[in-house]
2 protein chains.
Amino acid sequence: MPVTLKELAARASVHPSTVSRVANRDPKLRIAAGTRDRIEALLKETEYRPNGVARGLKLRQTFVLAVVIPDITNPFFAGLFRGIEDGTAPHGYNVLLCNTDGSIARQQSHLQSLNARRVDGVVLASTFLNDPAVRWLRHQRIPYVLVNRFSDEGNDPFVGSDDVAGAYLATRHLIELGHNRIGHLAGQATVSTGMLRRRGYRAALAAAGLAADPELEAEAGYAEDGGALATQRLLSLDNPPTAIFAVTDMTAIGTYAVARRMNLRIPQDLAIVGYNDIPLASRLIPGLTTVHVPIHEFGTAAARILLDQVEKGEVSPKRVVFTPELVVRGSTVSDFPV
Amino acid sequence: MPVTLKELAARASVHPSTVSRVANRDPKLRIAAGTRDRIEALLKETEYRPNGVARGLKLRQTFVLAVVIPDITNPFFAGLFRGIEDGTAPHGYNVLLCNTDGSIARQQSHLQSLNARRVDGVVLASTFLNDPAVRWLRHQRIPYVLVNRFSDEGNDPFVGSDDVAGAYLATRHLIELGHNRIGHLAGQATVSTGMLRRRGYRAALAAAGLAADPELEAEAGYAEDGGALATQRLLSLDNPPTAIFAVTDMTAIGTYAVARRMNLRIPQDLAIVGYNDIPLASRLIPGLTTVHVPIHEFGTAAARILLDQVEKGEVSPKRVVFTPELVVRGSTVSDFPV
DNA sequence: TAAGATAGAGCAATCGTTTGTTCAACGCAA
DNA sequence: TTGCGTTGAACAAACGATTGCTCTATCTTA
């Protein structure tokens with residue numbers, strides 16, 4: 001058992017409060033140099049570290065944050081987590097990681113548990129539109145910040161990218177390459193990124209005077225297998241697309257798998273654009289053209305917003321929206337250098 | 001502020017301890033049916049959840065575990081984490097994630113912090129040989145389990161694979177394909193996997209009557225860039241290897257990048273074998289031949305061992321060692337089906 | 001020398017639960 | 001009526017730290 005304040009007090013023949021004040025270098029109270037030195041020596045010798053649980057109870061602050069995401073094995077969220085940890089660790093926080101696998105029930109159960117643990121704040125990256133969990137967080141007065149996806153437009157602290165603009169860039173790129181049947185592997189309509197990226201896709205088509213063909217939009221979700229299934233559906237159309245814009249890179253990877261199985265050449269037979277620019281995108285063959293967003297900075301920005309709430313009690317919801325950039329690689333341009 | 005026991009007690013005109021016993025369904029003490037119902041109704045109505053911090057202080061158990069790894073963006077560790085969470089969440093635990101980036105200082109600082117927080121146990125996957133941090137954990141009597149890497153042979157709770165056997169399999173595979181100059185991208189000699197996989201590599205060479213050429217062993221570490229650098233060194237030898245066994249898949253990916261830059265065909269000009277079989281391995285082109293280990297089960301097994309210590313107070317160090325299997329793909333066999 | 005200021009450290013309440021012990025009231029048998 | 005066994009719930013002491021307040025010396029100063 002680690003040493004306690006009381007034990008140290010007994011050994012130094014002083015009151016526990018005195019030891020506490022020395023350990024915390026309490027500026028408000030003077031301690032005689034002699035006793036201070038004696039106690040400090042004891043602190044070093046015993047390597048005293050205050051019990052974080054007791055401290056959390058008294059101070060009503062645990063220095064624990066939580067990150068709630070769909071799945072850490074998705075490289076996007078792994079990068080995001082690193083950003084958050086890198087942004088909060090220097091301030092003495094530890095971070096709980098909770099995976100929801102996209103299940104609203106698991107999300108809620110995690111949040112309940114986090115609340116009971118009195119975490120100081122939550123980064124929520126698994127939210128969907130009109131999410132009751134977000135209202136619940138607000139009601140419980142738990143500091144939180146939404147990342148990548150939002151729930152109610154404009155009302156919550158948020159870090160993300162301009163999804164409409166990003167999707168517009170991606171689609172316009174394909175149009176400029178001469179494609180006029182462009183499929184979209186869409187995210188769920190219940191998720192902000194799904195809704196907005198679809199909107200950007202349609203806007204780009206409209207701006208180019210291309211008719212939007214509902215057949216060319218297939219809900220695929222955010223994982224590889226959903227992307228593969230939806231791609232198969234699109235490619236089995238009577239008049240299949242020659243290019244595909246996928247709502248995320250992971251979704252696009254599903255397209256790669258199908259294209260390979262069907263012996264379609266990328267990009268000659270099928271051009272592909274993704275979204276997020278996860279590290280994996282540049283390692284695919286051919287490299288995946290995608291919409292770049294600063295994943296790690298999503299995390300550090302979210303960390304800053306959250307800590308501002310926790311430590312400074314900031315109340316006005318901050319929003320950080322990054323402007324996405326198109327990164328062209330071999331999945332759309334055949335003579336792209338390796 | 002969430003409701004407390006004391007407030008509920010006041011509302012029900014009973015003592016807090018009575019509410020506590022109702023909430024916990026304390027079997028040892030009888031409560032009159034009437035008061036029990038009254039209190040239970042109140043518990044539902046207010047959605048009372050005990051304050052985890054206060055509970056942790058009293059019970060000396062926090063239901064928080066920690067996972068210490070080099071880097072969550074490495075898919076191996078992401079999969080491992082999922083295994084751990086999947087194995088512990090059903091028992092009511094939350095999990096802190098700590099990245100060390102391989103720095104011994106960061107590892108120690110994380111462990112100090114975790115100890116101060118009174119986490120119930122630690123999964124340590126970033127240890128090295130003869131690691132003082134492991135002795136420290138033992139001394140502090142913090143339940144722990146080592147994963148993938150061990151510190152002192154045979155003395156700690158451990159989950160991993162038979163590294164020597166796995167490396168032997170990989171190297172023998174290359175020998176059977178006719179290679180006789182086989183390079184090894186080695187892990188650090190200070191890490192058990194580095195040491196043992198190198199040993200397995202040498203054993204396979206010896207068994208085949210091939211001389212071990214020290215020039216063919218290049219320390220590469222466990223990340224892509226180290227793998228790339230070491231590959232360049234090997235390939236610029238007077239008599240370069242025709243095949244490479246990399247200590248991990250991520251290291252092997254560095255080799256892919258170099259081979260591509262140098263216009264070497266895989267496997268015709270350079271055959272490659274990795275270790276771990278991360279999901280990415282099968283998505284590379286060509287697919288990476290590698291030594292498969294059950295990553296997710298590493299996590300669930302570690303979870304079980306840790307919980308046995310925490311909940312049953314098990315003291316005898318358990319060891320779970322999986323037998324690795326070779327997975328052959330296109331990086332060693334050119335006519336491998338896509 | 002008396003009064004007031006100040007330095008230094010102890011006191012005690014508190015954060016929210018848990019749990020062994022005590023205690024009052026009631027029922028029932030002798 | 002006395003006494004004893006039960007029942008049901010209150011009491012109170014932790015768990016380990018923090019912090020406003022009190023209190024006693026000692027020191028200034030007039």
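Over chain B, what is the relative contact order in whole percent, taking alpha-carbon pairs under 8 Å and six or more residues apart? Don't skip to the end; give the middle numbers.
Values: 632 pairs, mean separation 58.4, N = 338.
Taking the mean separation of contacting Cα pairs over the length of chain B, I get 17 percent.
Which percent of Cα-Cα pairs in the protein assembly as shown sits in each 20 Å bin, short to long?
Computed distribution, short to long bins: 17, 44, 31, 8, 0.
Per q in 0.17, 0.19, 0.23, 0.24 Å⁻¹, report the Debye log10 I(q)/I(0) for region A:94-199, using one uniform scatterer on each alpha carbon and no solvent.
One equal scatterer on each Cα of region A:94-199 leads to -0.80, -0.94, -1.24, -1.32.
What's the local net charge at B:SER113, with K and R +1, D and E -1, over the other residues with C-beta under 14 Å away?
+3
Considering amide H positions built from the backbone, and no H for Pro or chain starts, which residues 5 or more places from A:VAL122, or on another chain, come under 5 Å of its amide H?
A:ALA66, A:TYR144, A:VAL145
Can you give the translational diffusion coefficient of chain B in µm²/s, computed by Stokes-Einstein from the Kirkwood radius over Cα pairs at 25 °C and 0.890 mPa s? Let's see the in-between values first.
Values: Rh = 22.3 Å.
Once the numbers are plugged in, D ends up at 110 µm²/s.
Work out Dmax and Rg for region A:243-289 from the C-alpha atoms and quote the Rg first, both in angstrom.
Values for region A:243-289 (Cα only, Rg and Dmax): 9.5, 26 Å.
In angstroms, what radius of gyration and Dmax does region A:271-338 have, counting Cα atoms only?
In order Rg, Dmax, the Cα atoms of region A:271-338 give 16.8, 53 Å.
Near A:LEU129, within a Cβ-to-Cβ distance under 11 Å, what is the net charge of the other residues, with Lys and Arg +1 and Asp and Glu -1?
With Lys, Arg at +1 and Asp, Glu at -1, the net is -2.
Ratio to report: Rg/Rh of region B:180-289, with Cα atoms as the point set and Rh obtained by the Kirkwood method; give two decimals.
0.94
Output the direction-averaged projected area (hull surface divided by four) of the convex hull of the alpha-carbon atoms of region B:1-94, in nm².
8.4 nm²
How high is the relative contact order of region A:224-338? Use alpha-carbon pairs under 8 Å, at least six apart in sequence, and give a whole percent. Could the numbers behind the result be given before it?
Details: 169 pairs, mean separation 29.0, N = 115.
Worked out over region A:224-338, it gives 25 percent.
For label points placed 7 Å from Cα toward Cβ, what is the shortest-first list of nm distances from A:ARG25 to its copies?
Copy-to-copy label distances for A:ARG25: 5.0 nm.
Jot down the per residue volume, in cubic angstrom and as a whole number, of the convex hull over the alpha-carbon atoms of region A:210-270. Provide the component values of the computation, followed by the final result.
Details: hull volume 5.0 nm³, N = 61.
Once divided by residue count, the hull of region A:210-270 is 82 Å³.
Averaging sequence separations of C-alpha pairs under 8 Å and six or more residues apart, then dividing by the length of region B:163-293, give the relative contact order as a whole percent.
Across region B:163-293, relative contact order equals 25 percent.
Which part of region A:292-319 falls in the paramagnetic zone of A:SER282, meaning amide N under 16 Å from the point 7 Å along Cα-to-beta-carbon?
Only A:292-297 pass the distance filter.
What is the magnitude of the charge dipole of region A:25-112 about its Cα centre, with +1 placed on the Cβ of each Lys and Arg, -1 on the Cβ of each Asp and Glu, and no other charges, expressed in debye to the nearest 20?
Result for region A:25-112 is approximately 580 debye, rounded to the nearest 20.
Along Cα→Cβ, 7 Å out, is where each label goes; now give me the distance between the ones at B:ASP238 and B:THR323 in nm to one decimal.
Modelled inter-label distance: 4.4 nm.
So what is the diffusion coefficient of region A:5-50 in µm² per second by Stokes-Einstein at 20 °C and 1.002 mPa s, using a Kirkwood Rh over Cα pairs?
For the chosen part, D equals 208 µm²/s.
What nm distance separates the two modelled labels at A:ILE104 and A:ALA207, each placed 7 Å from Cα along Cα→Cβ?
So the two model labels end up 3.4 nm from each other.
How far apart are the B:PHE322 label points across copies, placing each 7 Å from Cα toward Cβ, in nm, shortest first?
Between copies, matching label points for B:PHE322 lie 3.3 nm apart.
For B:GLY287, list long-range residues whose amide hydrogen, built 1.01 Å from N in the peptide plane, is under 5 Å from its own amide hydrogen.
Here B:GLY330, B:SER331 satisfy the definition.
Calculated FRET efficiency, B:ARG260 and B:ARG304, Cβ-Cβ r, R0 51 Å, to nearest 0.05?
Working from the Cβ atoms, E equals 0.75.
In whole angstrom, how far apart do the alpha carbon centroids of region B:12-53 and region A:189-259 sit?
Using only Cα atoms to place each centre, the spacing works out to 53 Å.
Taking only the C-alpha atoms, wrap a convex hull around region B:108-167 and report its volume per residue in Å³ as a whole number.
Here the figure is 76 Å³ per residue.
Across region B:143-155, in residue order, what do the Karplus-derived ³J(HN,Hα) couplings come to in whole Hz, using 6.51 cos²θ - 1.76 cosθ + 1.60 with θ = phi - 60° and x for Gly and Pro?
Residue by residue, region B:143-155 yields x, 8, 9, 8, 10, 6, 10, 10, 10, 10, 3, x, 9 Hz.
Values in this text are rule-based calculations from the coordinates and carry no lab data. Everything numeric in this text was worked out from a predicted model, so none of it was measured. Neighbour counts are summed over all protein chains in view; Cβ atoms, including those assigned to glycine, are modelled from backbone coordinates with ideal geometry.
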